[in-house]
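Right, one structure below, let's go through it.
The values are calculated or read from the model by the stated rules, or taken from the named source; none is laboratory data. What you are looking at is a predicted structure, and each value in this text was computed from that prediction instead of being measured. Note that we place each Cβ from the backbone using ideal geometry, even for glycine, and neighbour counts take in every protein chain shown. Note: areas computed on protein heavy atoms with side chains; ligands, DNA, RNA excluded. Shrake-Rupley method; radii C 1.70, N 1.55, O 1.52, S 1.80 Å.
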Amino acid sequence: MAAMTTTPTMTTTPAWTVTPEPFDSADAAALWREYYTEVSDRWYLLHEGRRTDPAELEREIAARSGAELAPPVGRLLVGRYGGALGGCAGVRLLEPGTAELTRVFVRPELRGRGGAPLLVGAAEDAARALGAARIVLDTRSDLVEARALYARLGYTETGRHNDDPYAEHWFTKRLDENRDSGEV
């Protein structure tokens, strides 16, 4: 009986890549639509027991192009998981030294695979490159996953820094301190 030989099999795991993307690219538009649909539907389901009216959704998506995320005062970062579109994060300067983190989103089927911390870290790097020493953000009470992520990444809850009618929690993080503190 001949000896059987086996060839070892190689297993690869898809990896995240994060790169800058024009705010008006097709991929950016697709992610903005998914992000806005999810956060809008969550708000309406919680407060009114219904999903977002389709006409309202279209108006709001069209009204918020993301132009504030264009260089030289902003950046949109897109994450891909194994080459497939996976998520985004945006950053823009509010004033010299202060940037705002916005549009942090990972597609539901890719959550829990490490994309959100990578996207936030890339946005923090982009904020530093824009000259920011501090980054701020706002979120809502029902977005508990987001609040937990920001706390895990070293953001601290602070007082109101804007007048967004949907914001209920405001966070800040120093970017000029130990760069690795709080990162996962």
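In segment 168-177, of all residues being within 18 Å of residue 123 (Cβ to Cβ) and assigned to a loop (DSSP other than H, G, I, E, B), the one that is modelled with the lowest pLDDT corresponds to 177.
Residues that are among the basic types (Lys, Arg), farther than 18 Å from residue 108 by Cβ, without any contact (Cβ under 8 Å) to a residue 24 or more places away in the chain and not in a helix (DSSP H, G or I) within segment 15-64 comprise just one, 50.
Consider segment 129-168 and keep the residues that are touching a helix residue (DSSP H, G or I) at 6+ places or on another chain (Cβ under 6 Å) and crowded, with 17+ Cβ neighbours inside 10 Å. The one that is farthest from residue 72 (Cα to Cα) is 149.
Taking residue 57, is it more than 30 Å from residue 96 (Cβ to Cβ) and either at pLDDT below 90 or open to solvent by 90 Å² or more (accessible area, probe 1.4 Å) (or both)? Yes, satisfied.
Looking at segment 28-38, which of the residues that are farther than 16 Å from residue 119 by Cβ and not charged (D, E, K, R) is surrounded by the fewest Cβ atoms within 10 Å (Cβ to Cβ)? This residue is 29.
Table: residues versus (1) crowded, with 16+ Cβ neighbours inside 10 Å; (2) touching a His at 6+ places or on another chain (Cβ under 8 Å); (3) of a type in the set (S, T, N, Q); (4) closer than 26 Å to residue 134 by Cβ.
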position: 21; (1), (2), (3), (4): yes, no, no, yes
position: 26; (1), (2), (3), (4): no, no, no, no
position: 46; (1), (2), (3), (4): no, no, no, no
position: 50; (1), (2), (3), (4): no, no, no, no
position: 89; (1), (2), (3), (4): yes, no, no, yes
position: 107; (1), (2), (3), (4): yes, no, no, no
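For the condition closer than 25 Å to residue 163 by Cα, open to solvent by 10 Å² or more (accessible area, probe 1.4 Å) and not polar (S, T, N, Q), residue 68 qualifies.
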